Amino acid sequence: MAVTIGMGDYIYQYQPDWARLPSGMEFQTPSAVAVDSQDRVYVYQRHGPPVLVFDSGGGFLSGWPRQDSVSEDAHHIYISPDDDVYLADRDAHQVLKFTTDGELVMTLGHRDKAALQAPFNHPSDIAVAPSGEIYVSDGYGNSCVHRFTNDGAYISSFGAPGNGPGEFLVPHSIRIAADGRVYVCDRENNRVQVFSQDGEFLDQWTDFKGPMGIHIDANQTVYVTDQIPRISILDLEGRLLARGRTFEYGHNVYTDSQGNIYAVDVANQRVQKFVKQEV
């Protein structure tokens, strides 16, 4: 029997085994998934080739970079509107920027050197603002967000350890709306916090249990996965539009141009696809 989730205008059917890996290959501890402007799907994993690329139909295209040592500990992946691919290399304390062909073009942070409340100490996620500035949630060793120019020059940081407004306990995922507002999954505080582009606290959404992944699509619809496990679909003001049960540990979430949802279930080492249904 087909599994469906969601409600109203947001109904999806689970599509198991959508990714067609070559014979003898399997996912090796996938951690995150992202989609580029051509609806190619990129799976970031902790063993084997760090990035596996699929076409929109699930056909395998490539794996890169060739050497595992380029990425030590896969966490989250983000693809900018210009199709720059950013990887959060958590335990190497770096953010890596690649082309879609796997060419490394920029690194942020000092490899294998952690910093206290400064870039980086086990960073978790990346997002690029409409201005081109780069934001990084520095989520495991630090409790802050860092801001860089588009060419990687450090600008500023905001946040501190704690549970008050503007404070974090594992800022785990980050996205930026078209109007410049910054949305951060504050995982261990069970909330999503909203900031201005300069880091001024604006709002918080508290109806979550360990939110792990956040995504904002081209229509400015917000998707959040948490540990209940479920996915929540909201508008930019936090109004809930739909909810549905996902499977196990939805570590991150992404959508394609057709409105289909991708999420990584790290507990079962699989990448899930939920196909948007016509209503």
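Things worth noting here:
- Among the residues listed as V192, V184, V145, the single one being touching a Cys at 6+ places or on another chain (Cβ under 6 Å) and open to solvent by less than 50 Å² (accessible area, probe 1.4 Å): V192
- Residues of region 239-258 that turn out to be more than 17 Å from the chain's Cα centre (by Cα), surrounded by fewer than 17 Cβ atoms within 10 Å (Cβ to Cβ) and within 18 Å of D217 (Cα to Cα), as a count: 4
- Residue check for L202: modelled with pLDDT of 95 or more and closer than 23 Å to G8 by Cα: no
- Some residue of region 105-116 being under 17 Å from the mean Cα position of the chain (by Cα) and in contact (Cβ under 8 Å) with a residue 40 or more places away in the chain: no
- Close pairs (7 angstrom Cβ cut-off, 6 or more residues apart or separate chains): small (G, A, S) in region 246-257, in a loop (DSSP other than H, G, I, E, B) and surrounded by fewer than 22 Cβ atoms within 10 Å (Cβ to Cβ) anywhere: G250/P229; S257/D39
- Selected residue (only one of S80, S131, S137 is in contact with an Asp or Glu (Cβ under 7 Å, 6 or more places away or on another chain) and not basic (K, R)): S137
- Within region 259-279, tally of residues that are under 14 Å from D39 (Cα atoms) and open to solvent by 10 Å² or more (accessible area, probe 1.4 Å): 4
- Test: residue in region 23-33 that is over 22 Å from I176 (Cβ atoms), assigned to a loop (DSSP other than H, G, I, E, B) and touching a Pro at 6+ places or on another chain (Cβ under 6 Å): no
- Identity of the residue in region 23-52, surrounded by 20 or more Cβ atoms within 10 Å (Cβ to Cβ) and among the aromatic types (F, W, Y), that ends up farthest from N268 (Cα to Cα): Y42
- The listed residue being at pLDDT 95 or above and open to solvent by less than 10 Å² (accessible area, probe 1.4 Å), out of Y154, Y140, Y135: Y135
- Looking across region 1-22, the residues that are under 25 Å from L234 (Cα atoms) and not in a loop (DSSP other than H, G, I, E, B) come down to T4, I5, G6, M7, Y10, I11, Y12, Q13, Y14.
- Region 239-266, subset touching a Phe, Trp or Tyr at 6+ places or on another chain (Cβ under 9 Å) and small (G, A, S), residue farthest from C185 (Cα to Cα): G259
- Subset of region 96-127 [crowded, with 21+ Cβ neighbours inside 10 Å and more than 20 Å from R187 (Cα to Cα)]: L96, F98, L108, G109
The values are calculated or read from the model by the stated rules, or taken from the named source; none is laboratory data. None of the values given here were measured: they were computed from a predicted structure. So basically every Cβ, Gly included, is an ideal-geometry build from the backbone, and we count neighbours across all protein chains shown. Protein only, heavy atoms only, side chains kept; ligands, DNA and RNA dropped before computing areas. Shrake-Rupley method; radii C 1.70, N 1.55, O 1.52, S 1.80 Å.
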